[in-house]
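S.K.: Structure provided below as structure tokens; questions to follow.
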Amino acid sequence: MTSERQCAQRFCESGDENAFRELYRLHAPALYRMSFRMLGRSRDSAQDVVQETWLRAATALPAFRWESSLGTWLMGIAINRCREVLRESHRSDRADGNAEEPPRPASSDGLRLDLEQAVACLAEGYREVLLLHDVEGYTHSEIGVALGISPGTSKSQLSRARRLLREVLRPIHAVVPEGGSHDQ
């Protein structure tokens, strides 16, 4: 089995297509999952972001210093591209007069609230850290590298994101048994 570093070196030195394919196979699924969630579950936009990430990575790979993992570096590129897409989308909506309020979860009046919808309602930084840590399994140090923040900021944003999710997912009307009390 060839290491990703060896694949990257072969690609940079000779344009080895098989080495690039191996890197793509290893990292594209995680890049797609993250982009898909960040971009409101848009398959086309997520696929575009993954392709743009690889185009940018292929150009910048010779300068990559291996101070972080290749996956962390690629995720940082993908997140930055997602941010660009979201900004472009918001600018376009404002220019067209179609600006919408950010998505808000439906009230909990007996309807099941979708976790994906609740995550989509989080502020961008909270959502990014939550997805990277809790869904993709990155450490706070890796998140710091990918997002350009300190590990402490990552921990703080994760804590706030989880607290906000608990608040959003908590039922508005707690059912209290007749004659009893409701303790939480």
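Derivation of every value follows stated rules applied to the coordinates shown; laboratory data play no part. Note that the coordinates shown come from a computational prediction; the quantities given were computed from them, not determined experimentally.
S.K.: Which translational diffusion coefficient, to the nearest whole µm²/s, is obtained for region 1-100 from the Stokes-Einstein equation, given a Kirkwood hydrodynamic radius over C-alpha pairs, 37 °C and 0.692 mPa s?
M.R.: Values: Rh = 14.5 Å.
In µm²/s, the coefficient is 227.
S.K.: Please give the length that would be gained between residue 42 and residue 2 if that part of the chain were fully extended, namely 0.36 nm times their separation in residues minus their C-alpha to C-alpha distance (nm, one decimal).
M.R.: Values: separation 40, 0.36 × 40 = 14.40 nm, distance 3.35 nm.
So the extension gain works out to 11.1 nm.
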